[in-house]
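The values are calculated or read from the model by the stated rules, or taken from the named source; none is laboratory data. Predicted, not measured: the structure shown is a model, and the values here were computed from it. Virtual Cβ from ideal backbone geometry, glycine too; neighbours counted across all protein chains shown.
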Amino acid sequence: MTTNAILFDFDGTLADTIAINHLIMNKLSKKYKFRQLSHDDIKKLKELPAKQILAYMGIAKYKVPFVMAAGKLALKEHMDDIPLSGQLNASLNKWSVAYKMGVVSTNSGKNIQRFLTNHELECIDFVYADARLSGKARLIKRAIKKQRLNKAKTLYIGDEIRDIKAARDAGVAIIAVCWGYNSKAALQAHQPDYLVESVDELESAVAAFFS
């Protein structure tokens, strides 16, 4: 087994994609005939898990793969403008000395790699990506197996209810960050191992887990 490892979600955790994804989804709503979102709607969606979000937006189940694929393709055009969440550069570089680090996400591998290159994040050792909305637990398990990680020494960091559920299903600890797609209250209700609101709190939680 290898050393301690940190796995990161991408959208909302590492990459601040919330605003641009709002715009993209509203554009796609015309083609795929689902609800356009106002800023008030975005606030409501922060309280809901992924399946309820789809229902609220009126996206039929059979349309989900097409909408997700179109969204990731549209996001590709904006990757050069997407900022790193929470000024995480210093933390990532510090952690890279002690931990193996990877990204596990339902975004596209090409989008993630471009973002990592744009932000000079050579400290990220590997990326596992799959467009299926419900496939994150399987991806975490694949990363653990392929990278020869120890579940007990692996930490997942995400910003959504589904990240908490995926980490639980994969048998790893989870830090939920409050600067992403779900609200603090929504995340707290699903009892992550750690819940943080700032990069300083995130650093403390990482240190506590690996102590």
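Those residues that are crowded, with 17+ Cβ neighbours inside 10 Å and hydrophobic (A, V, I, L, M, F, W, C), I need them from region 1-16; list them, please. Those that are crowded, with 17+ Cβ neighbours inside 10 Å and hydrophobic (A, V, I, L, M, F, W, C): Ala5, Ile6, Leu7, Phe8, Phe10, Leu14, Ala15.
Residues in region 162-181 that are in contact with a strand residue (DSSP E or B) (Cβ under 8 Å, 6 or more places away or on another chain), of a type outside the set (Val, Ile, Thr) and surrounded by 22 or more Cβ atoms within 10 Å (Cβ to Cβ): Asp163, Ala166, Ala167, Ala170, Ala176, Gly180, Tyr181.
Using the structure shown, decide if Ala90 is at pLDDT 95 or above and either under 30 Å from Phe210 (Cβ atoms) or surrounded by fewer than 18 Cβ atoms within 10 Å (Cβ to Cβ) (or both). Give the steps one after another, and end with the answer.
Working: at pLDDT 95 or above: no; either under 30 Å from Phe210 (Cβ atoms) or surrounded by fewer than 18 Cβ atoms within 10 Å (Cβ to Cβ) (or both): yes.
Judged against the criteria, Ala90 is not a match.
Give me the helices (runs of 4 or more DSSP H) completely within region 103-189, filtered to those with at least 1 residues that are within 11 Å of Asp9 (Cα to Cα), ordered by residue number. Passing ranges, in order: 109-118, 136-146, 161-170.
Lys63 meets the conditions (1) of a type in the set (D, E, K, R); (2) at pLDDT 95 or above; (3) touching a Phe, Trp or Tyr at 6+ places or on another chain (Cβ under 7 Å) in every case but one. The failed one is (2).
Regarding region 103-119, can at least one residue be identified that is over 29 Å from Lys61 (Cβ atoms), basic (Lys, Arg) and out of contact with any Ser or Thr (no Cβ under 6 Å at 6 or more places or on another chain)? Taking every residue of region 103-119 in turn, at least one turns out to be over 29 Å from Lys61 (Cβ atoms), basic (Lys, Arg) and out of contact with any Ser or Thr (no Cβ under 6 Å at 6 or more places or on another chain).
Looking across region 109-139, the residues that are among the β-branched types (Val, Ile, Thr), touching a residue at least 12 places away in the same chain (Cβ under 8 Å) and within 20 Å of Lys72 (Cα to Cα) come down to Ile112, Val127.
Only helices (runs of 4 or more DSSP H) wholly contained in region 17-65 count here; list those with 3 or more residues that are more than 17 Å from the chain's Cα centre (by Cα), outside the structural domain of Ala185 (by TED's automatic domain parsing) and surrounded by 17 or more Cβ atoms within 10 Å (Cβ to Cβ).
On the way: elements: 18-32, 39-45, 50-57.
Output list reads 18-32.
Residues that are over 21 Å from Gly86 (Cα atoms) and touching a residue at least 60 places away in the same chain (Cβ under 8 Å) were ranked within region 145-161; the one that is surrounded by the most Cβ atoms within 10 Å (Cβ to Cβ) is Thr154.
Restricting region 66-87 to residues that are charged (D, E, K, R) and without any contact (Cβ under 8 Å) to a residue 40 or more places away in the chain, which is surrounded by the most Cβ atoms within 10 Å (Cβ to Cβ)?
Initially, region 66-87 is screened for residues charged (D, E, K, R), giving 72, 76-77, 80-81.
With without any contact (Cβ under 8 Å) to a residue 40 or more places away in the chain added as a condition, the list becomes 76-77, 80.
Numbers: Lys76: 14, Glu77: 10, Asp80: 10.
Among those residues, the one meeting the criterion is Lys76.
Kindly indicate whether Ala74 is of a type outside the set (Phe, Trp, Tyr) and more than 30 Å from Gln147 (Cβ to Cβ). For Ala74, the condition - of a type outside the set (Phe, Trp, Tyr) and more than 30 Å from Gln147 (Cβ to Cβ) - is met.
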